[in-house]
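Structure, as structure tokens:
The values are calculated or read from the model by the stated rules, or taken from the named source; none is laboratory data. Computed from a prediction, not measured in an experiment: that's the story for all the values here. Heads up, the Cβs are rebuilt from the backbone with ideal geometry, glycines too, and the neighbour counts pull from every protein chain shown. Note: accessible area is taken over every heavy atom of the protein model, side chains too, but ligands, DNA and RNA are not part of it. Shrake-Rupley method; radii C 1.70, N 1.55, O 1.52, S 1.80 Å.
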Amino acid sequence: MSIAERLATEPLAIPRPATTAPFARIDTFDKALTAPGGFGPRLRASRTAALDFRGEFAATGTPDSVRTHDLISLPYPTGYGLFRAAISPTPFLTIVNRMLIVRWTDTDGTRRTLLFEPSDHELDSYTPYFAELQRYTPGPLRNLFVHEYTDVLSACRTAGIDPAEVDYLAFDHLHTQDVRRWLGTTRPQADISPNAPVAAAFPNATLLAQRDELEAMADLHPFQRPWYQPATFVDVPPEKITPLDGSVLLGPGVALLATPGHAMGNQSLVLNTDTGIWAISENAIAAECLTPEHSRIPGVSRAARSWGHEVILNANTIETTYEQYNSLVIEKTIADVSQRDSRFRQFFPSSELTGARLNPGTTPTFTHRAIGHG
């Protein structure tokens, strides 16, 4: 029986340790995300909670440093990235996947290191959606759209980070992710290590993921399956995964907020830096998607105005669209105004829209490209 057939008939044994994460719980958004009366009242409650959170979060301090590393640029369907908004003759736009290295010092003096979005782009390419796309894309054509800047381990070396120093890995959600090379495996893996278990590249790191998403990966809905590689998680050592039950404060000026919608266990990294508060996720692919009235991408401002939409979603999956909209408004409310251009917020897309000659009509009005702090 093939993996696809097995996924359709029985749940997978995804590691879900019954442990409690050793971080301070943030309960500011709990009632807002479940407020009675439907998604409209939840939107109002979410905005109020986000305003309350801003002051509380700023008072926690700042991390020691934040650095950004470009990993890979790749094509992405325009209809997904600029949901129902862009007018473009090309079916694809270009996004750049980036990794953030965040370091802070705990109250007991322990230095901590987080890699946010450490995507293994070689193994991630086997995600069913992208594997199918590659089948119909000749190699020379792929090279026009895909550019590999660096990989995770090379980025760590550039930053002077010993892999043994890394404490945590996290993603805004687990679409496409294969973390076997980062966390190791308990058994040999036919595709990458047929004779022995995979040795962990980050021997002291654990994956921080929302328990909701780990549970969902074990028994995916057909609409979810094209975007996940759940079988790659089965042999990850359980002690290398730390489930989160909602929003947590990781350290001074560093938080992971539960922002469901794009995926059940979607989460956003929030940072308090020299320039103020940033929100980082893939709920949108451009800062202008949070203030679409200022976008010069053809169709975006008009679509937002016509539909009365405050934000433009990244909607490759439509798990719970209303929740994703509310989550993006939370991020918009939390994030400070950009010091480079006050029309835009300090929302940093983990996969940011980038202009390309082959993709007319999708050049962003404004890009952040990086977050630097400390």
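Note: relative contact order over segment 95-176, using C-alpha pairs below 8 Å and six or more positions apart, is 39 percent.
Structural descriptor for segment 224-344: relative contact order 24 percent, calculated from alpha carbon pairs under 8 angstrom and at least 6 residues apart.
The mean accessible area for residues of segment 240-297, using a 1.4 Å probe and ignoring ligands and nucleic acids, is 18 Å² per residue.
Our note on the geometry: Cα centres of segment 164-180 and segment 323-374, 22 Å apart. At q = 0.09, 0.12, 0.14 Å⁻¹, what log₁₀ I(q)/I(0) does the chain have when each alpha carbon counts as one equal point scatterer in the Debye sum? Listed by q, the Debye log ratios stand at -0.48, -0.90, -1.28. What segment 30-160 shows is 50 Å² of accessible area per residue, with the surface traced by a 1.4 Å probe over protein heavy atoms. Once Lys and Arg get +1 and Asp and Glu get -1 on their Cβ, which of Gly61, His262, Leu12 lies farthest toward the positive end of the dipole of the chain? Comparing the listed Cα positions along the dipole, His262 ranks first. Taking the dipole about the Cα centre of the chain, with the C-beta of Lys and Arg at +1 and of Asp and Glu at -1, give me whichever of Gln324, His294, Thr158 is farthest to the positive side. Farthest towards the positive end: His294.
Simple point charges give the picture: +1 on the Cβ of Lys and Arg, -1 on the Cβ of Asp and Glu, and for the chain a dipole about the Cα centre of about 940 debye.
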